[in-house]
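Input: a single structure, listed below in structure tokens.
The values are calculated or read from the model by the stated rules, or taken from the named source; none is laboratory data. Only a predicted model underlies this, so the values are computations on that prediction, with no experimental measurement involved. Virtual Cβ from ideal backbone geometry, glycine too; neighbours counted across all protein chains shown.
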Amino acid sequence: MITLCSDRLRIELPEPGEAPNTSTRFDRAGFISEVVLDGMVRFCASEPQNLPHPSSSGRGLCNEYRFNICEDVKIGEYFPKFGIGLFRKEEEGPYIFHKKYKDIIPFEISLEQHADRVIFVTEPMPCQKYALRTTKTISLAGNSLTMTVKAENVGDKEMALEEFCHNFISIDGMAIGSDYQLELPQCPDLGYERLNNRSGRPGSMRGNGKGITFCEFSAIDTDYSIEPNDMEDTVPFTWKMIHKGARAFVECEDRFKPSKIAIWAVDHMLCPEIIHGFHLMPYESNEWTRVWKFDTWINK
């Protein structure tokens, strides 16, 4: 377990293959399983089991790379799942994010730790003429956590990728309800009525002007999405999540234009997924940064 500390934050990063960093979905480099503010307020939660599908073992601030190549390979062949390794295809169809693949050749991940930051380098392993090298730097300063990622296409083919941080956030373990508010100042006014899930059925979220809150607690997952054409064309994209009862909040700057936003919640967690979509020609690279700030207004 890697621990980084500032004067206000402590974060925990299990090493690749160390629980809970054993998912076959999320990047194993820089998997942030816990954030603690001022030694008191915790912000991370584990993906629960009471879902329509098996848990994909997410926790805290963990990233996923989406790259749709699985359908193009034959059963028995390997395909790359960036951030993790090469997966052997076991059945027809696309990659299944919650499936526990049996045959995985993990990518080599090296790390370099300093007092205020950790640098992870995931080395490429060419497969199907695709190869990606990623460098992720995670650093702390005061109550700020910064993640910078550089992705380099070192293969022979163009790649269209999506990357996002799932943000499995639970402020001090509080259950979802009207005390949670997610502010989205660059998104359209969502009104104040109950919102439909992405499936079209009524969910537990309701509009809160330029943001969302909840009508009630729900042990059933609920979600909502916002398309890029409905957002202001400004960078960085910002959001802020508060819990009125806990008197604590987290705010984030995603320093890129989102290709999509997905908001997901269940039980005691609210997850804003700010998706970064990009193309890489061979030997091109792309770099992006997220900055989270954690704070309270206790005794202020």
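Quick one: which of LYS129, LYS136 is charged (D, E, K, R), buried (at least 17 other Cβ atoms within 10 Å of the Cβ) and either more than 16 Å from the chain's Cα centre (by Cα) or within 24 Å of PHE31 (Cβ to Cβ) (or both)? Give the derivation first.
On the way: LYS129 fails: buried (at least 17 other Cβ atoms within 10 Å of the Cβ).
The match here is LYS136.
Cβ contacts < 6 Å: first residue under 15 Å from PRO106 (Cα atoms), restricted to region 123-137; second residue of a type in the set (A, V, I, L, M, F, W, C) and assigned to a loop (DSSP other than H, G, I, E, B), any location; separation 6+ or different chain. Result?
PRO124/ALA131; PRO124/VAL154; MET125/PHE107; ALA131/VAL154; LEU132/PHE82; ARG133/VAL154
Restricting to strands (runs of 3 or more DSSP E) lying wholly in region 214-300: which have 3 or more residues that are closer than 18 Å to ALA45 by Cα?
Working: elements: 222-226, 237-243, 248-254, 260-266, 269-280, 285-296.
Here the list reads 237-243, 248-254, 260-266, 269-280, 285-296.
Under 9 Å between Cβ atoms, at least 6 apart or on separate chains: pull out the pairs that start in region 149-166 with a residue that is assigned to a loop (DSSP other than H, G, I, E, B) and surrounded by fewer than 22 Cβ atoms within 10 Å (Cβ to Cβ) and end on any residue that is of a type in the set (D, E, K, R) and at pLDDT below 95.
If the second residue must be of a type in the set (D, E, K, R) and at pLDDT below 95, the pairs left are GLY155/LYS129; ASP156/LYS129; LYS157/LYS129.
One residue is enough: does region 102-115 have a residue meeting the conditions part of a strand (DSSP E or B) and surrounded by 18 or more Cβ atoms within 10 Å (Cβ to Cβ)? So that I can check it myself, show each step before the final result.
Of all residues in region 102-115, those part of a strand (DSSP E or B) come to 104-106, 109-113.
Restricting the remaining residues to those that are surrounded by 18 or more Cβ atoms within 10 Å (Cβ to Cβ) gives 109.
Yes; the residues of region 102-115 include at least one that is part of a strand (DSSP E or B) and surrounded by 18 or more Cβ atoms within 10 Å (Cβ to Cβ).
Return the pairs, sorted by first residue and then second, in which the second residue is surrounded by 12 or more Cβ atoms within 10 Å (Cβ to Cβ) and assigned to a strand (DSSP E or B), the first residue lies in region 1-14 and is on the phi < 0 side of the Ramachandran plot and free of Cβ contacts under 8 Å to residues at least 12 places away in the same chain, the beta carbons are less than 6 Å apart, and the residues are 6+ apart or on different chains.
THR3/GLU12
Just to be sure before I move on: is ARG194 in contact with an Asp or Glu (Cβ under 9 Å, 6 or more places away or on another chain), farther than 24 Å from TRP292 by Cβ and of a type outside the set (A, V, I, L, M) in the structure I sent?
Details: in contact with an Asp or Glu (Cβ under 9 Å, 6 or more places away or on another chain): no; farther than 24 Å from TRP292 by Cβ: yes; of a type outside the set (A, V, I, L, M): yes.
Considered against the rule, which asks whether it is in contact with an Asp or Glu (Cβ under 9 Å, 6 or more places away or on another chain), farther than 24 Å from TRP292 by Cβ and of a type outside the set (A, V, I, L, M), ARG194 comes out as no.
Check whether at least one residue in region 223-232 is surrounded by fewer than 19 Cβ atoms within 10 Å (Cβ to Cβ), small (Gly, Ala, Ser) and in contact with a Phe, Trp or Tyr (Cβ under 8 Å, 6 or more places away or on another chain), and report yes or no.
no
Criterion first (of a type in the set (Ser, Thr, Tyr), within 21 Å of the chain's Cα centre (by Cα), at pLDDT below 95 and buried (at least 17 other Cβ atoms within 10 Å of the Cβ)) does THR213 satisfy it? Outline the logic, then answer.
Details: of a type in the set (Ser, Thr, Tyr): yes; within 21 Å of the chain's Cα centre (by Cα): yes; at pLDDT below 95: no; buried (at least 17 other Cβ atoms within 10 Å of the Cβ): yes.
For THR213, the condition - of a type in the set (Ser, Thr, Tyr), within 21 Å of the chain's Cα centre (by Cα), at pLDDT below 95 and buried (at least 17 other Cβ atoms within 10 Å of the Cβ) - is not met.
Pairs, please: C-beta under 6 Å, at least 6 apart or cross-chain, first residue under 16 Å from LYS240 (Cβ atoms) and free of Cβ contacts under 8 Å to residues at least 24 places away in the same chain and in region 203-220, second surrounded by 16 or more Cβ atoms within 10 Å (Cβ to Cβ) and among the polar types (S, T, N, Q)?
none
Quick one: GLY200 ticks every box in (1) more than 15 Å from ALA262 (Cα to Cα); (2) of a type in the set (Gly, Ala, Ser); (3) surrounded by fewer than 22 Cβ atoms within 10 Å (Cβ to Cβ) except a single one, so which number is it?
(1)
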